[in-house]
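Right, one structure below, let's go through it.
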Amino acid sequence: MIGFLRLPFAAFGGSGSRRAAKLGLDLAVFALAVTFAYVLRFDRWPTGSQGVQLLLLLSVLPVIRFAAGQAFGMHRTSWRLFGLADSLRLLGAVASVTAGLLAIRLITPLVAPGVTVVPLGVIALDGFFVLGGTIGVRVITRVIDERLARVNVNVQRSAVTRRALLVGAGRAGAMTARELRQRPDAGYTPAAFVDDDPARQGLKVEGIRVAGTIADIKAVAQAVGAETVILTMPSAPVDVLRAVVERCRACGLSVQTVPGLYDLLSGKVSITKVRPIRIEDLLGRGVVPLDESIRGLLSDAYRGKRIVVTGAGGSIGSELCRQLAEQQPESLVLIDASENNLFDIEQELLPVLGDRLVACLADVRREQDIERVFAMHRPSVVFHAAAYKHVPMMESHPTAAIDNNVRGTRVVAEAADRHGVDRFLLVSTDKAVNATSVMGASKRVAEMVVHDLDAVSKTRFSAVRFGNVLGSRGSVLHTFRRQIKAGGPVTVTHKDITRFFMTIPEAVRLLVRACAMKKGGEIFLLDMGEPVKILDMARQMIRLAGFTEAEVPVEIVGLRPGEKLHEELLRYGEDAQPSEAAGIMLASSAVVDRVELAPWVHRLERAASDGDVQMIYRMLETGAGYRNVDGGPRSVAEQLGDAARTAAG
């Protein structure tokens, strides 16, 4: 029987042949519908004037219905995924033609008396048969496809296939169940659903029963023989995900998840790309949705513009490039000093932008490199993401921190000013706030540089501060994963240490949104949510990896040089105000005296060039609030005055 069902579809080979066969089926339905309508209406094969009328309708009506179907999009959807929305399109196409026939039937006696008209019964029956027939062939096709897929699953199923309990019987759950049943290579067989919605209890979704709630995971898993749990709720709140993970851990079940909505909607992955749940899923928050007004704002800011991204191969820079490429700029210029990082992001984006993508192997510290790039490409928007960010490493190499983070920012910002760039955004850090590290202090000076330039330039300079991003290079998560894989110990610097965390896509979405704002001179703060205790995160990662602390111990090793116990987003004397964008705040900042700042920065850069580490420390202590422990710095002007006197002395 299955072989018989397979034959018609095998005959249609490629996608073009299959499409032609489907159109042929629709035309056959149209012709048979009007024929059956006449036969049923007259209880016999029509003869005489009715027979002539039928022949005329057979010659034109299928073509008209085909054209209506094209207009309503009924031939541009997959029959294998035929659903309610497709049924409504069919209804619209059928009803429009039937309404037209009815109008002609009512008008004809008025304008042409004596002409034989199509009986009302034929019109009604024809519409009914067309609707039923077109829906019927699609449903039958879907049933046959799914039956064949299940046969293939049975043939291809191997010993590695695992029975899975799906958590969440909504739309994503239904999609997952359907695709897993049809894709044996995914390695999972859906056994049952659990869902907290009372209305779904006892129902079947894609033929799979909703057997209980999340609280029943253990009992349901035992009843159906589930070996793993798959979360099919890509937009579920973090607290729900945590509750599921804890219940699964308590009963010894591994936890997988389907991709998030961001990845699904961007087309990066399919819903069958099930993966183990990660700590990022339990810490991250939903990305602020892009409504039409925000989409329009981003389009106005970036579509058709020439954009430069420095540090384009880094974690933040590469995601910036991905999201800006979606806005279809006139050109996207990637600047990075690492040839490998630059090559990777260039190869990723070439299929998207083609010759509108320009990769420049250049160093932001070299004025001639940056001048050449700006003169050649004349950018209107600049994102400055290039920086040294590793706190302990910069404590050991303070001259490099100043050279890259201060000099590099000044060189790029001054080039933006000279070449008439419209917007310039500095990617800063929460470590610039009340800095206790050379890295943080260097980024605070970079903020001061762009804030100062904004006061005298036509370019709109702004900076954005945010905390740690999940998955970035050098992140504590990478360190913990490496240590867990090695069997421990997992090292935490202090039992009470906390950090803010945000996903890279969310952080970059807010960066892009902040740069699109109109004024300039702002220091933006991203809403990082509540701080996360690193010790709790380490323990949770150990549990997610399937270990206990007895197997992979946690060791407290003490704060590293320059490391804070708790990060902050506001300096002493600053205040946060809401902005026009959700998830973004504005920080007030003291006005910097350019007369004092410019020579002070020059002396700081010279100290770095000369390798004078002690001078760097003294200048940062007075000019950037570095290692301040006496209740808060004085005014910036006073600090810089002290720094100038110290340098002169």
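Please treat every number below as a calculation from the coordinates, not as lab data. All of these numbers come straight from a predicted model, not from anything done at the bench. Using ideal geometry, Cβ is built from the backbone for each residue, glycine included, and neighbour counts are taken over all protein chains shown.
Observations on the structure shown:
- Ranked by the mean number of other Cβ atoms within 10 Å per residue, highest first, peptides 52-61, 427-436, 340-349, 522-531 order as 427-436, 522-531, 340-349, 52-61.
- Ordered by the number of other Cβ atoms lying within 10 Å of each residue's own Cβ, fewest first, Ser475, Ser396 fall into the sequence Ser396, Ser475.
- In terms of its C-alpha gyration tensor, the stretch 176-248 comes out rounded, because the ratio a/c of the largest to the smallest axis stays below 1.5.
- 5 angstrom amide H check on Gly529, placed H, neighbours 5+ away: none
- Potential extension, Ala112-Ala598 segment - 0.36 nm per residue separation minus Cα distance: 165.8 nm
- Close amide H contacts of Arg306 (hydrogens built in the peptide plane, cut-off under 5 Å, sequence separation of 5 or more or a different chain): Glu330, Ser331, Ser380, Val381.
- Estimated from the Cβ-Cβ distance and a Förster radius of 30 angstrom, the FRET efficiency linking Tyr617 and His566 is about 0.80.
- Among Cys251, Cys360, the ranking by other beta carbons within 10 Å of each residue's beta carbon, starting with the fewest, stands as Cys251, Cys360.
- In order along the stretch 534-542, phi translates into HN-Hα couplings of 5, 5, 5, 5, 4, 5, 5, 5, 4 Hz, rounded to whole numbers, per the Karplus curve 6.51 cos²θ - 1.76 cosθ + 1.60 with θ = phi - 60° and x for Gly and Pro.
- Residues with amide H under 5 Å from that of Ser254, placed H, sequence gap 5 or more: Val229
- For the stretch 401-410, Karplus couplings with θ = phi - 60° (6.51, -1.76, 1.60), whole Hz, Gly/Pro x: 4, 5, 4, 7, 7, 8, 4, x, 5, 4
- When each of Trp45, Trp600 is scored by the number of other beta-carbon atoms lying within 10 Å, the sequence from fewest to most is Trp45, Trp600.
- The HN-Hα couplings worked out from phi for the stretch 241-258 by the Karplus form 6.51 cos²θ - 1.76 cosθ + 1.60 (θ = phi - 60°) are 4, 4, 4, 5, 4, 5, 5, 5, 5, 5, 9, x, 9, 6, 10, 10, 9, 7 Hz, whole numbers, x standing for Gly and Pro.
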